[in-house]
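The values are calculated or read from the model by the stated rules, or taken from the named source; none is laboratory data. For clarity, every value in this text was computed on a predicted model and none was experimentally measured. Positions of Cβ are backbone-derived with ideal geometry, glycine not excepted, and every protein chain shown enters the neighbour counts.
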Amino acid sequence: MDEKLLGIGAFAARTRLSAKALRLYDRLGLLAPARVDEVTGYRFYRAGQVERARTVALLRQLDMPLAVIAEVVGTDDGATAADRLAAYWEQVEARIAGQRTLAEYLRARLSGRSSEMYGKFVVETVDVPGQVLVTETRHLLADELPAWIGASLGRLEEAARECGGVAGAPFVVYHSEVSTESDGPAQACVPVADGAAAREWAARRGRARGTAVRVEPARRLARTRITKAQVAYPQILAAFEAVEQWAAARGLTQAGPCREVYFADWDAAGAEDPVCDVALPVR
(Lines give C-alpha, C1' and ligand atoms only; values in the text may rest on other atoms or scores of the structure.)
Protein backbone atom coordinates (compact mmCIF):
# COMPACT_ATOMS: atom_id res chain seq x y z
CA MET A 1 0.00 0.00 0.00
CA ASP A 2 2.75 2.47 0.97
CA GLU A 3 4.59 1.77 -2.28
CA LYS A 4 1.59 3.03 -4.25
CA LEU A 5 1.38 6.28 -2.28
CA LEU A 6 3.50 9.43 -2.33
CA GLY A 7 4.96 10.88 0.84
CA ILE A 8 4.20 14.51 1.54
CA GLY A 9 7.61 15.64 0.29
CA ALA A 10 7.31 13.86 -3.05
CA PHE A 11 3.71 14.95 -3.42
CA ALA A 12 4.63 18.57 -2.66
CA ALA A 13 7.31 18.45 -5.35
CA ARG A 14 4.92 17.07 -7.97
CA THR A 15 2.15 19.55 -7.17
CA ARG A 16 4.36 22.62 -6.57
CA LEU A 17 2.72 23.11 -3.17
CA SER A 18 4.64 23.38 0.06
CA ALA A 19 4.23 20.82 2.80
CA LYS A 20 2.87 23.63 4.98
CA ALA A 21 0.20 24.42 2.38
CA LEU A 22 -0.74 20.74 2.10
CA ARG A 23 -1.23 20.50 5.85
CA LEU A 24 -3.40 23.63 5.77
CA TYR A 25 -5.52 22.30 2.90
CA ASP A 26 -5.97 19.06 4.82
CA ARG A 27 -7.28 20.94 7.87
CA LEU A 28 -9.68 22.91 5.66
CA GLY A 29 -10.95 19.79 3.90
CA LEU A 30 -9.65 20.90 0.49
CA LEU A 31 -7.15 18.10 0.01
CA ALA A 32 -7.17 15.27 2.51
CA PRO A 33 -4.29 12.76 2.33
CA ALA A 34 -5.10 9.21 1.30
CA ARG A 35 -3.57 7.89 4.52
CA VAL A 36 -2.02 9.26 7.69
CA ASP A 37 0.41 7.09 9.65
CA GLU A 38 -1.14 6.63 13.10
CA VAL A 39 2.25 6.57 14.81
CA THR A 40 4.23 9.29 13.00
CA GLY A 41 1.38 11.40 11.66
CA TYR A 42 3.11 11.33 8.28
CA ARG A 43 0.80 12.03 5.33
CA PHE A 44 0.61 9.98 2.15
CA TYR A 45 -1.17 10.91 -1.08
CA ARG A 46 -2.32 9.05 -4.18
CA ALA A 47 -0.88 10.00 -7.55
CA GLY A 48 -4.45 10.61 -8.68
CA GLN A 49 -4.68 13.55 -6.25
CA VAL A 50 -2.02 15.53 -8.11
CA GLU A 51 -4.51 17.11 -10.52
CA ARG A 52 -6.78 18.33 -7.72
CA ALA A 53 -3.79 19.71 -5.83
CA ARG A 54 -2.54 21.58 -8.89
CA THR A 55 -6.02 22.98 -9.46
CA VAL A 56 -6.09 24.28 -5.89
CA ALA A 57 -2.68 25.88 -6.41
CA LEU A 58 -3.80 27.57 -9.63
CA LEU A 59 -7.00 28.86 -8.05
CA ARG A 60 -4.94 30.38 -5.26
CA GLN A 61 -3.02 32.29 -7.96
CA LEU A 62 -6.34 34.05 -8.67
CA ASP A 63 -6.43 35.17 -5.00
CA MET A 64 -9.52 33.02 -4.62
CA PRO A 65 -10.54 32.60 -0.95
CA LEU A 66 -10.15 29.08 0.35
CA ALA A 67 -13.89 28.81 1.04
CA VAL A 68 -14.62 29.50 -2.65
CA ILE A 69 -11.93 27.05 -3.74
CA ALA A 70 -13.67 24.41 -1.64
CA GLU A 71 -16.89 25.07 -3.58
CA VAL A 72 -15.10 24.85 -6.94
CA VAL A 73 -13.18 21.63 -6.30
CA GLY A 74 -15.91 20.13 -4.12
CA THR A 75 -18.02 19.03 -7.09
CA ASP A 76 -17.42 16.18 -9.52
CA ASP A 77 -19.32 18.05 -12.23
CA GLY A 78 -16.84 20.01 -14.36
CA ALA A 79 -19.52 22.34 -15.73
CA THR A 80 -20.65 23.29 -12.23
CA ALA A 81 -17.07 23.89 -11.14
CA ALA A 82 -16.48 26.09 -14.19
CA ASP A 83 -19.66 28.08 -13.47
CA ARG A 84 -18.53 28.70 -9.89
CA LEU A 85 -15.16 29.92 -11.13
CA ALA A 86 -16.88 32.20 -13.67
CA ALA A 87 -19.13 33.68 -10.97
CA TYR A 88 -16.13 34.40 -8.76
CA TRP A 89 -14.22 36.02 -11.62
CA GLU A 90 -17.17 38.27 -12.49
CA GLN A 91 -17.01 39.59 -8.94
CA VAL A 92 -13.26 40.15 -9.26
CA GLU A 93 -13.66 42.08 -12.52
CA ALA A 94 -16.43 44.21 -11.02
CA ARG A 95 -14.22 45.03 -8.05
CA ILE A 96 -11.26 45.88 -10.30
CA ALA A 97 -13.47 48.10 -12.47
CA GLY A 98 -14.58 49.97 -9.36
CA GLN A 99 -11.01 50.33 -8.15
CA ARG A 100 -9.91 51.56 -11.59
CA THR A 101 -12.60 54.23 -11.51
CA LEU A 102 -11.62 55.21 -8.00
CA ALA A 103 -7.97 55.51 -9.05
CA GLU A 104 -8.94 57.79 -11.95
CA TYR A 105 -11.12 59.87 -9.65
CA LEU A 106 -8.34 60.23 -7.08
CA ARG A 107 -5.77 61.02 -9.78
CA ALA A 108 -7.95 63.90 -10.95
CA ARG A 109 -8.27 65.20 -7.40
CA LEU A 110 -4.57 64.88 -6.62
CA SER A 111 -3.54 66.55 -9.87
CA GLY A 112 -5.83 69.51 -9.26
CA ARG A 113 -8.20 68.65 -12.11
CA SER A 114 -11.29 68.35 -9.91
CA SER A 115 -12.81 71.47 -11.46
CA GLU A 116 -12.69 69.75 -14.86
CA MET A 117 -14.72 66.85 -13.47
CA TYR A 118 -17.26 69.14 -11.83
CA GLY A 119 -17.70 71.14 -15.02
CA LYS A 120 -19.15 68.07 -16.74
CA PHE A 121 -22.27 68.23 -14.55
CA VAL A 122 -25.19 70.57 -15.23
CA VAL A 123 -26.57 71.78 -11.88
CA GLU A 124 -29.89 73.56 -11.34
CA THR A 125 -32.38 74.20 -8.54
CA VAL A 126 -35.87 72.77 -8.33
CA ASP A 127 -38.65 73.29 -5.77
CA VAL A 128 -40.24 70.13 -4.36
CA PRO A 129 -43.57 70.28 -2.46
CA GLY A 130 -44.09 68.68 0.94
CA GLN A 131 -44.66 64.94 0.88
CA VAL A 132 -45.77 62.08 3.13
CA LEU A 133 -43.16 59.33 2.96
CA VAL A 134 -43.00 55.66 3.87
CA THR A 135 -39.39 54.96 4.77
CA GLU A 136 -36.89 52.23 5.59
CA THR A 137 -33.63 53.05 7.38
CA ARG A 138 -30.51 50.91 7.47
CA HIS A 139 -26.86 51.11 8.55
CA LEU A 140 -24.74 49.63 5.75
CA LEU A 141 -21.48 50.04 3.83
CA ALA A 142 -20.98 51.14 0.21
CA ASP A 143 -20.74 47.63 -1.25
CA GLU A 144 -24.06 46.68 0.38
CA LEU A 145 -25.84 49.80 -0.84
CA PRO A 146 -26.89 48.92 -4.44
CA ALA A 147 -28.68 45.71 -3.49
CA TRP A 148 -30.36 47.34 -0.50
CA ILE A 149 -31.59 50.36 -2.48
CA GLY A 150 -33.34 48.16 -5.04
CA ALA A 151 -34.82 45.83 -2.45
CA SER A 152 -35.95 48.53 0.00
CA LEU A 153 -37.54 50.76 -2.64
CA GLY A 154 -39.33 47.69 -4.00
CA ARG A 155 -40.74 46.92 -0.56
CA LEU A 156 -41.79 50.53 -0.01
CA GLU A 157 -43.43 50.85 -3.44
CA GLU A 158 -45.43 47.73 -2.64
CA ALA A 159 -46.47 49.34 0.66
CA ALA A 160 -47.40 52.53 -1.17
CA ARG A 161 -50.14 50.66 -3.01
CA GLU A 162 -51.84 50.31 0.39
CA CYS A 163 -51.39 54.04 1.01
CA GLY A 164 -53.13 55.60 -1.98
CA GLY A 165 -50.34 54.85 -4.44
CA VAL A 166 -46.88 56.24 -5.19
CA ALA A 167 -47.09 60.04 -5.25
CA GLY A 168 -43.61 60.98 -6.45
CA ALA A 169 -40.15 59.77 -7.38
CA PRO A 170 -38.56 57.46 -4.76
CA PHE A 171 -35.29 58.63 -3.24
CA VAL A 172 -32.56 57.69 -0.78
CA VAL A 173 -31.36 60.12 1.92
CA TYR A 174 -27.88 59.85 3.42
CA HIS A 175 -28.04 61.00 7.03
CA SER A 176 -24.31 60.32 7.36
CA GLU A 177 -21.58 59.16 5.02
CA VAL A 178 -21.88 55.73 3.43
CA SER A 179 -18.50 54.46 2.23
CA THR A 180 -16.26 51.42 2.54
CA GLU A 181 -15.66 52.41 6.19
CA SER A 182 -18.74 54.41 7.24
CA ASP A 183 -22.22 52.87 7.48
CA GLY A 184 -24.56 55.83 7.28
CA PRO A 185 -27.42 55.39 8.01
CA ALA A 186 -29.23 55.63 4.69
CA GLN A 187 -32.99 56.04 4.42
CA ALA A 188 -35.05 54.82 1.45
CA CYS A 189 -38.17 56.97 0.91
CA VAL A 190 -41.28 56.62 -1.25
CA PRO A 191 -43.88 59.45 -1.36
CA VAL A 192 -47.46 58.26 -0.88
CA ALA A 193 -50.85 59.84 -1.58
CA ASP A 194 -52.72 58.93 1.63
CA GLY A 195 -51.04 59.98 4.87
CA ALA A 196 -53.64 58.39 7.14
CA ALA A 197 -53.31 55.05 5.36
CA ALA A 198 -49.53 55.34 5.61
CA ARG A 199 -49.70 55.80 9.37
CA GLU A 200 -51.96 52.73 9.61
CA TRP A 201 -49.44 50.79 7.54
CA ALA A 202 -46.61 51.86 9.84
CA ALA A 203 -48.60 50.88 12.92
CA ARG A 204 -49.12 47.39 11.52
CA ARG A 205 -45.45 47.06 10.62
CA GLY A 206 -44.19 48.24 13.99
CA ARG A 207 -40.42 48.67 13.85
CA ALA A 208 -39.85 45.91 11.30
CA ARG A 209 -36.89 46.61 8.98
CA GLY A 210 -36.59 50.14 10.38
CA THR A 211 -39.80 51.24 8.64
CA ALA A 212 -41.56 54.48 9.52
CA VAL A 213 -43.73 57.28 8.13
CA ARG A 214 -42.59 60.90 8.11
CA VAL A 215 -43.62 64.18 6.54
CA GLU A 216 -41.00 65.75 4.31
CA PRO A 217 -41.42 69.57 4.20
CA ALA A 218 -41.28 71.50 0.94
CA ARG A 219 -37.67 71.93 -0.14
CA ARG A 220 -35.49 73.58 -2.72
CA LEU A 221 -32.97 71.15 -4.16
CA ALA A 222 -29.75 71.82 -6.04
CA ARG A 223 -29.47 68.83 -8.34
CA THR A 224 -27.61 67.30 -11.27
CA ARG A 225 -28.89 64.49 -13.45
CA ILE A 226 -26.65 61.45 -13.94
CA THR A 227 -26.68 58.26 -15.99
CA LYS A 228 -26.94 54.68 -14.79
CA ALA A 229 -23.17 54.23 -15.27
CA GLN A 230 -22.44 57.31 -13.16
CA VAL A 231 -24.53 56.03 -10.23
CA ALA A 232 -21.87 53.44 -9.32
CA TYR A 233 -19.57 54.20 -6.40
CA PRO A 234 -17.18 56.05 -6.52
CA GLN A 235 -18.21 57.77 -9.80
CA ILE A 236 -21.20 59.26 -8.01
CA LEU A 237 -18.93 61.11 -5.57
CA ALA A 238 -17.91 63.54 -8.32
CA ALA A 239 -21.58 64.39 -8.91
CA PHE A 240 -22.20 65.09 -5.22
CA GLU A 241 -19.10 67.27 -5.04
CA ALA A 242 -20.11 69.15 -8.20
CA VAL A 243 -23.47 70.02 -6.64
CA GLU A 244 -21.82 71.10 -3.39
CA GLN A 245 -19.33 73.31 -5.25
CA TRP A 246 -22.06 74.84 -7.44
CA ALA A 247 -24.23 75.67 -4.42
CA ALA A 248 -21.33 77.17 -2.44
CA ALA A 249 -20.30 79.34 -5.40
CA ARG A 250 -23.80 80.86 -5.41
CA GLY A 251 -23.96 81.48 -1.69
CA LEU A 252 -26.49 78.73 -1.03
CA THR A 253 -26.46 76.93 2.34
CA GLN A 254 -27.05 73.22 2.77
CA ALA A 255 -30.46 72.70 4.41
CA GLY A 256 -30.56 68.94 4.88
CA PRO A 257 -28.86 65.65 4.06
CA CYS A 258 -27.91 64.85 0.46
CA ARG A 259 -29.99 62.40 -1.54
CA GLU A 260 -30.38 60.38 -4.72
CA VAL A 261 -33.75 60.69 -6.51
CA TYR A 262 -34.60 57.78 -8.83
CA PHE A 263 -37.03 58.73 -11.61
CA ALA A 264 -36.49 56.01 -14.27
CA ASP A 265 -37.01 52.28 -14.65
CA TRP A 266 -33.62 51.01 -13.48
CA ASP A 267 -33.87 47.57 -15.07
CA ALA A 268 -34.91 48.94 -18.46
CA ALA A 269 -32.31 51.73 -18.55
CA GLY A 270 -29.04 51.44 -20.42
CA ALA A 271 -25.66 52.51 -19.05
CA GLU A 272 -25.89 55.99 -20.64
CA ASP A 273 -29.56 56.63 -19.85
CA PRO A 274 -30.38 59.27 -17.19
CA VAL A 275 -31.84 57.54 -14.14
CA CYS A 276 -31.04 59.58 -11.05
CA ASP A 277 -30.78 63.11 -9.65
CA VAL A 278 -27.99 63.72 -7.16
CA ALA A 279 -29.45 66.45 -4.97
CA LEU A 280 -28.71 68.66 -2.00
CA PRO A 281 -31.41 70.62 -0.08
CA VAL A 282 -30.41 74.31 -0.05
CA ARG A 283 -31.71 77.68 1.09
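Within region 1-23, can you find the residues that are touching a residue at least 40 places away in the same chain (Cβ under 8 Å) and in a helix (DSSP H, G or I)?
If the condition is that a residue be touching a residue at least 40 places away in the same chain (Cβ under 8 Å) and in a helix (DSSP H, G or I), then Asp2, Lys4, Phe11, Thr15 are the ones that fit.
Specify the residue that is nearest to Ser176 (Cα to Cα); the eligible residues are those in region 230-255 that are at pLDDT 95 or above and assigned to a loop (DSSP other than H, G, I, E, B).
The selected residue is Ala255.
Would you pick out the residues in region 29-61 that are under 21 Å from Tyr88 (Cα atoms) and surrounded by 13 or more Cβ atoms within 10 Å (Cβ to Cβ)?
Leu30, Leu31, Arg52, Ala53, Arg54, Thr55, Val56, Ala57, Leu59, Arg60
Can you find a residue in region 109-123 that is aliphatic (A, V, I, L, M), crowded, with 16+ Cβ neighbours inside 10 Å and farther than 29 Å from Arg223 by Cα?
No, region 109-123 contains no residue that is aliphatic (A, V, I, L, M), crowded, with 16+ Cβ neighbours inside 10 Å and farther than 29 Å from Arg223 by Cα.
Give region 125-142 a look and list any residue that's surrounded by 12 or more Cβ atoms within 10 Å (Cβ to Cβ) and in contact (Cβ under 8 Å) with a residue 60 or more places away in the chain, or say none.
Thr125, Val126, Val128, Gln131, Val132, Leu133, Val134, Thr135, Glu136, Thr137, Arg138, Ala142
I need every pair where a residue in region 258-283 that is among the small types (Gly, Ala, Ser) has its Cβ under 8 Å from the Cβ of a residue that is in a loop (DSSP other than H, G, I, E, B) and modelled with pLDDT under 95, sequence separation at least 6 or different chains.
Sorted first by the residue in region 258-283, then by its partner, the pairs are Ala264/Asp273.
Condition (residue is within 19 Å of the chain's Cα centre (by Cα) and more than 27 Å from Asp183 (Cα to Cα)) applied to region 67-86: is it met by at least one residue?
Yes.
For Leu85, indicate whether it is at pLDDT 85 or above, more than 30 Å from Pro146 (Cα to Cα) and either of a type outside the set (Val, Ile, Thr) or not assigned by TED's automatic domain parsing to the domain that holds Ala142 (or both).
no
Provide a single number: the residues in region 24-55 that are assigned to a strand (DSSP E or B) and farther than 20 Å from Val72 by Cβ.
Qualifying residue count, region 24-55: 5.
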